[in-house]
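Structure first, commentary second.
Bear in mind that the values in this text are calculations on the coordinates, not laboratory data. Bear in mind that the values here come from a model prediction, so they are computed numbers and not experimental data. Here the Cβ positions follow ideal geometry from the backbone for every residue, glycine too, while neighbour counts run over all protein chains shown.
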Amino acid sequence: MGGLNLIQLLNGLTFASLLFIVASGFTLIFGLLRIVNLAHGALYLFGGYIGYTVAGSTGNFFLGVLASMLCVALMGLLLDEGLLRFVRGFDLRQVLLTLGVAFVLNDLALVLWGGDTFSVPIPEMLRGATTIGGVFYPKYRIFVLLLGVAVFAALWLMLNRTRLGALIRAGVDDAEMVEAMGINIRRVFLATFMLGASLAGLGGVVGGAFLTLYPTADSEILVFSLAVVIIGGRGSLVGAAVGSLLVGLLNTIGQVMFPELAYFVIFGPMAAILAFRPLGLFGRAV
Amino acid sequence: MLVDSFAKNRPAIIAIAIVLLVFGIVPMFGSNYQISIATEILIFALLAMSIDVLAGFAGRTSLGHGAIFGASTYVVVYWTSVVGGSPIVAVALGILAATLVAAVFGMLASRVSGVYFLLLTLALGMIVWGVALRWTSVSGGENGLRGVGRPEWLNDPTVFFYICLGIVLTLSAVIWRLVQSPFGLTLRGIRDSESRMSSLGYGCATHMFIAFTTTGFFAGVAGALYALFNNFVSPSTVQLSQSVEGLLMAILGGIGTLFGAFIGAAAIILLENFVSQYTARWPMVLGFMFIATMIFAPEGVLGAIRRIFRVGKKS
């Protein structure tokens, strides 16, 4: 084992970036709505397939991204307003219901797109490689890296500098109080749910281009997202970023050093953090 | 004294008698296929009961027991086929492995509750699945491992069925005793108010750890029986839907009813066999059932009946 070289480090960072895009949506919904959306992985997969279909038929990657984010946001709307409304206030029933939705969506994806492995076509201008720090590295992965940073910046600005963000932060702390101030918290919740879902869709298309899409991809991304949220703490954007970096890099180290047991490597930090901070690095008790 | 203990254990005695009666006569009328379905129901009822101990009596919904169950299955099939060891040793090792996996899970999960417990057990279970999928040199990857078949004396489906029936009913009685014991009462106390129990001086985390490990043992027994029953193991044995099916069985039978697990397991497995004749869309049916249960009958079939007739015994 010759240690990590720059390419492996970059691979870890790009994977972390994708994880952040997916997990940030997950943690936003978890933090504000107290809903653990276990269908998040399925939304990722659906988003990826939709992006693949649209990008493939129009030849435009960014149209695929847009279509996927819109469709998945709409699915989020249906999930929240159509199903979750019946179990509001019951945490466990909500979680288990989204788990049922995940099964249905996964099977539906299998019906619609079959069990083959797909890869979302990469746009012309992002193909090929470029030199970075003396090594050749695919342009597309650098794009993913930058996109992750951009999503972090956008979410941070949204949460800290806009009215919606202020409402979301207030809602995390005390939803009842926000409602008492005359704000329709349900609409804030719904907006957050759709935003979080659309991030899963974005992740699906972006990830589908370099990790490929296949029927169990949803479970895999869900485990990683769960690990990120367990490590980072519920509802924390910074926690999601730190968790993604940790999980992304460790997963890459794991794949380099013990290819067959890579999954096991994320278990270590999760265990350590739970032992000392059961609510995650940046988690707060409610 | 004897009368006392009879009165206290009456629900368990009645339930076990009913199960014994209903299942006991299956081999007299059923074909080999029906016997094998009945065997499968018994095995999964044990898994569902192990989940119900945590969900119903300790207030912790686990999504990791399918993986614990499957870990045992993997060890049994690996030991008999790859190592070529004896099935008895294999079963012992499988149960031991499941108990150890449960102990590790329990160590991490004993300090959290509610949604966090669910998430954590889900993540831990999926790590087992990921390892089973990727550790190709040991687990056979996606192709799984094929066993060498049951030993001679167990090969007859009727014999194997009665052995399963004996084991599952014995363990049902053990689980019943467990939840009625002071230990079980402490678990219920923790379920109702963890802070109160810890101010009374109970070590909540220790109790949870012991409870989790013990239920892992029961899930491990079920997994070992499943290995002998199915003679094949693949990542789908440890995947999330295994835990989900087990949990749904426990919920349908009624969380906290323990013996409802038999009803839940029978309902799900009969339905699965029925649906599979017409379509390959079982996961979708399972998903819809889960959604419908959560919306309409979260207290399960027995719970719904209890609610209607108000015959529930106050526990």
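Placing +1 on the Cβ of every Lys and Arg and -1 on the Cβ of every Asp and Glu, with nothing else charged, gives chain B a dipole about its Cα centre of roughly 780 debye.
For segment B:1-126, the relative contact order works out to 24 percent when only alpha carbon pairs closer than 8 Å and six or more residues apart are counted. Mean residue ellipticity at 222 nm, helices only, the protein assembly as shown: -24500 deg cm²/dmol; runs of at least 4 DSSP H residues each add -39,500 (n - 2.57), and the sum is divided by the number of residues.
Among the chymotrypsin sites (Phe, Trp or Tyr not before Pro) within segment A:51-108, those in coil by DSSP and having at most 15 neighbouring Cβ atoms inside 10 Å are A:Phe90.
Partner shielding of A:264-273 amounts to 3, given as the average count of beta-carbon atoms from other chains within 10 Å of each residue beta-carbon. Under the criterion of Cα pairs below 8 Å and six or more residues apart, the relative contact order for segment A:6-276 equals 39 percent. Basic side chains Lys and Arg get +1 at the Cβ, acidic Asp and Glu get -1 at the Cβ, and with that the dipole of the protein assembly as shown about its Cα centre reaches some 1220 debye. Per residue, the Cα convex hull of segment A:6-276 amounts to 135 Å³. In this simple spin-label model, placing a label point 7 Å from the Cα along the Cα-to-Cβ direction at both A:Thr58 and B:Asn32 gives a separation of 5.8 nm. Legend: translational diffusion of segment A:92-242 by Stokes-Einstein, Rh = Kirkwood radius over C-alpha pairs, 37 °C, 0.692 mPa s; D = 181 µm²/s.
For the segment B:116-129, counting C-beta atoms of other chains within 10 Å of every residue's C-beta and taking the mean gives 6. Using 0.36 nm per residue of separation minus the Cα-Cα distance, give me the extension gain between A:Leu110 and A:Thr162 in nm, one decimal. Roughly 14.7 nm would be gained on extension. Put simply, the amide H of B:Phe232, placed in the peptide plane, has neighbours under 5 Å in B:Gly147, leaving out anything fewer than 5 places away on its chain. Please report how far the C-alpha centroid of segment A:1-73 lies from that of segment A:259-286, rounded to the nearest whole angstrom. The two parts, judged by their Cα centres, are 21 Å apart. The amide H of A:Ala129, built 1.01 Å from its N in the peptide plane, has A:Lys139 as neighbours under 5 Å, considering only residues 5 or more places off or on other chains.
Could you state the number of Å between the C-alpha centres of segment A:190-220 and segment A:161-188? First find each Cα centre; the distance between them is then 26 Å. Once you divide the Cα radius of gyration of segment B:65-197 by 2.2 N^0.38 Å, the number left is 1.28. Using the average count of surrounding beta-carbon atoms within 10 Å as a protection proxy, the listed peptides A:233-246, B:55-68 rank, highest first, as B:55-68, A:233-246. Taking the dipole about the Cα centre of chain B, with the C-beta of Lys and Arg at +1 and of Asp and Glu at -1, give me whichever of B:Cys164, B:Leu47, B:Met28 is farthest to the positive side. Toward the positive end, the furthest listed residue is B:Leu47. Taking 7 Å steps out from each Cα toward its Cβ at B:Ala7 and A:Ala271 produces label points 4.9 nm apart.
With the convex hull of the Cα atoms taken as the outline of segment B:2-309, the averaged projected area works out to 16.9 nm².
Normalised by residue number, the volume inside the convex hull of the Cα atoms of the protein assembly as shown is 168 Å³ per residue. For segment B:112-146 versus segment B:152-173, the spacing of their alpha-carbon centroids is 28 Å. Note on A:Ile7/A:Ser119: beta-carbon distance plugged into 1/(1 + (r/R0)^6) with R0 of 22 Å gives a FRET efficiency of 0.65. Cα-based values for segment A:1-103, radius of gyration first and Dmax second, are 16.8, 55 Å. Between A:Leu99, A:Leu19, A:Leu108, the Gaussian network model of chain A with springs among Cα atoms under 10 angstrom shows the greatest mean-square fluctuation at A:Leu108.
The mean number of Cβ atoms from other chains found within 10 Å of a Cβ in peptide A:100-111 is 6, as a whole number. Charge dipole of segment A:174-270 (Cα centre as origin; +1 on each Lys and Arg Cβ, -1 on each Asp and Glu Cβ, all else neutral): 140 debye, rounded to the nearest 20.
For chain B, the relative contact order works out to 32 percent when only alpha carbon pairs closer than 8 Å and six or more residues apart are counted.
The trypsin sites (Lys or Arg not before Pro) of segment A:138-213 include none that meets both conditions, a loop assignment by DSSP and at most 10 other Cβ atoms within 10 Å of the site Cβ.
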